[in-house]
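Single-structure report; data block below.
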Amino acid sequence: MAITIKDVAKLANVSPSTVSRVISKSPRISEATKQLVYAAMDELKYKPNAIARNLANASTKTLGLIIPNQDENLFKNPFFIQAMRGISIYAQKKNYKIMFNYGASPEDELNFVHEFVNSKWVDGVILLTAYENDLCIEYLNHESFPFVVVGRPYNIHDIMWVDNDNFQATYNLVNTLIQKSCQEIGFIGGPQKYIFSKDRLEGYKRALELRNLSVHPELVIEAMDFTEDEGYRAMAEICSRSIPHAVVTTDDLLGFGVLKYIKEHGIKVKVTGFNNIPLSEYQQPALTSVDIKAEDLGYNAAKLLIRALEGMENPVNHYIVGTELVERESTA
């Protein structure tokens, strides 16, 4: 099997993009790093392809952005708008343009990633979510194509990524509800194919366990999508079994559906959301929510990727963006 840039990067303990910059004799790479890469190339007997190297050096100054959503729902969830704003702010500072596409499924997203890579329209790719067994991440890694993920991937060592500490944020949120004398706390999470959905569920469970409170399976619902209708449906399912003291939802749109249900049925339940989108404070009652700083997530994702594309050494391969619990009337 032919030796690739990825093999050299692994042996030298640097990113594939750093190896590319060394091969192209970028002045921004330190001498020490160059020597590590040259030694790895010698050991593996790696010979750069001159034609491929010339093509790689032809920068388009454009980033490809993959949004995981359907066309009719593209801008219904403001998280994507806020993240795109952060990406655009940093990209514009560095004179980069954004080319985006959306996919209704992981397979759709992979098709667009193939197109970005093979067309040479973009210098790097930003993925706006991370899946379990992520097809896009696997392909981009295999092609040694520069990319960054908004969301923690399973393999955190060889990939650039940006995320919140979703486990800790949910753990803190549930603790706050427990301090408000809530003991039976429901949970409406997103599809478990998303890594952040798994992390938030684990944070919820751990907070209850450490306070010696039971995790009631009948109060835990996996929503099929992050929509108000799904939040309404999930709350109806929970209330058909038992009415909890509080319900944690992992997206504000889910929270909106829960608020609608309890208002229609005259039920008193504390409700929380996630993302702190602008409409949260205008709900009746205003929705308590975890602000995940979506704009900061996008900004730092673009920063990581562009620094790598320009041959600058990143001190880390990821950023953890802090969260803030914004308490409003829904948990009063």
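Going by the conditions given, is L253 buried (at least 16 other Cβ atoms within 10 Å of the Cβ), closer than 27 Å to P68 by Cβ and of a type in the set (A, V, I, L, M)? Before the answer, list the steps.
Numbers: buried (at least 16 other Cβ atoms within 10 Å of the Cβ): yes; closer than 27 Å to P68 by Cβ: yes; of a type in the set (A, V, I, L, M): yes.
Yes; evaluated as a whole, the condition is true for this residue.
Hey, among E43, E109, E72, which residue is in a helix (DSSP H, G or I), over 18 Å from the mean Cα position of the chain (by Cα) and modelled with pLDDT of 85 or more? Explain how you work it out, then say what you get.
On the way: E109 fails: over 18 Å from the mean Cα position of the chain (by Cα); E72 fails: modelled with pLDDT of 85 or more.
Only one candidate passes the filter, namely E43.
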The lone exception for S144 - which of (1) without any contact (Cβ under 8 Å) to a residue 12 or more places away in the chain; (2) more than 18 Å from P68 (Cβ to Cβ) it fails: (1)
Candidates V269, V326 - the one that is at pLDDT 95 or above and crowded, with 18+ Cβ neighbours inside 10 Å: V269
Residue check for Q168: surrounded by fewer than 23 Cβ atoms within 10 Å (Cβ to Cβ), free of Cβ contacts under 8 Å to residues at least 24 places away in the same chain and closer than 30 Å to P244 by Cα: no
Single residue of I221, I195 found to be among the hydrophobic types (A, V, I, L, M, F, W, C), out of contact with any helix residue (DSSP H, G or I) (no Cβ under 8 Å at 6 or more places or on another chain) and not assigned by TED's automatic domain parsing to the domain that holds A104: I195
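Would you confirm whether or not segment 169-176 contains a residue that is part of a loop (DSSP other than H, G, I, E, B) and of a type outside the set (D, E)?
We begin by selecting, within segment 169-176, every residue part of a loop (DSSP other than H, G, I, E, B); these are none.
The answer is no; no qualifying residue exists.
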Unique residue being out of contact with any Asp or Glu (no Cβ under 6 Å at 6 or more places or on another chain), closer than 23 Å to T323 by Cα and in the same structural domain as Y96 (by TED's automatic domain parsing) when the list is L208, L177, L128: L128
Qualifying residue in segment 10-30 (condition: over 22 Å from I306 (Cβ atoms), at pLDDT below 75 and not in a helix (DSSP H, G or I)): no
Members of segment 199-249 found to be without any contact (Cβ under 8 Å) to a residue 40 or more places away in the chain and of a type in the set (K, R), listed by number: K205, R206, R211, R233, R241
First in segment 17-41 and more than 19 Å from N317 (Cα to Cα), second anywhere and crowded, with 24+ Cβ neighbours inside 10 Å, Cβ under 7 Å, 6 or more apart: A40/V8; M41/V8
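The values are calculated or read from the model by the stated rules, or taken from the named source; none is laboratory data. Note that the structure is predicted; figures quoted are calculated from it, not measured. Neighbour counts are summed over all protein chains in view; Cβ atoms, including those assigned to glycine, are modelled from backbone coordinates with ideal geometry.
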